[in-house]
């Protein structure tokens, strides 16, 4: 949509106050009559905004996907369904004919909204601490909790 506020107001003034025709203004300015109609409908240019996402093929399956996401929220991270798993279930069990990207575009923001903002980093931290505890090695009586790649001598020597 056209964004020049000064020209927007001049065109509105010419048509609404002076009485020039829309077609004449369109010819002189090179702006489409559709755009001029939008200028007349709104006092100022409308800002860009996020468009609503419509999922026509996914429509009948949204309820089952929501149920899967709600069940996922209560599971530990290792037992949760991935987007691929959700897609395959909807495709195989319910006959979904759309593509993987349709499901992933719908699932990713919905899953993010339902999860606690700190849940994933906390789970990651806990899983890393468990791995470090099981991977600790001793070297000359010292205990190292860093992963093997950080203990390599050639990294820190330079």
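Every number here is computed from the coordinates shown, using simple stated rules; none is lab data. Every value quoted in this text rests on a predicted model; they were computed, and no experiment measured them.
Report the Cα-based extents of the stretch 47-101 along its three principal axes, largest first, to the nearest Å.
42, 27, 17
By what distance, in whole Å, do the Cα atoms of the stretch 1-113 stretch along each of the three principal axes, largest value first?
On the principal axes, the stretch 1-113 reaches 68, 27, 18 Å in Cα extent.
What is the projected area of the convex hull of the Cα atoms of the stretch 1-63, averaged over all directions, in nm²?
With the hull built on Cα positions only, its mean projection is 6.1 nm².
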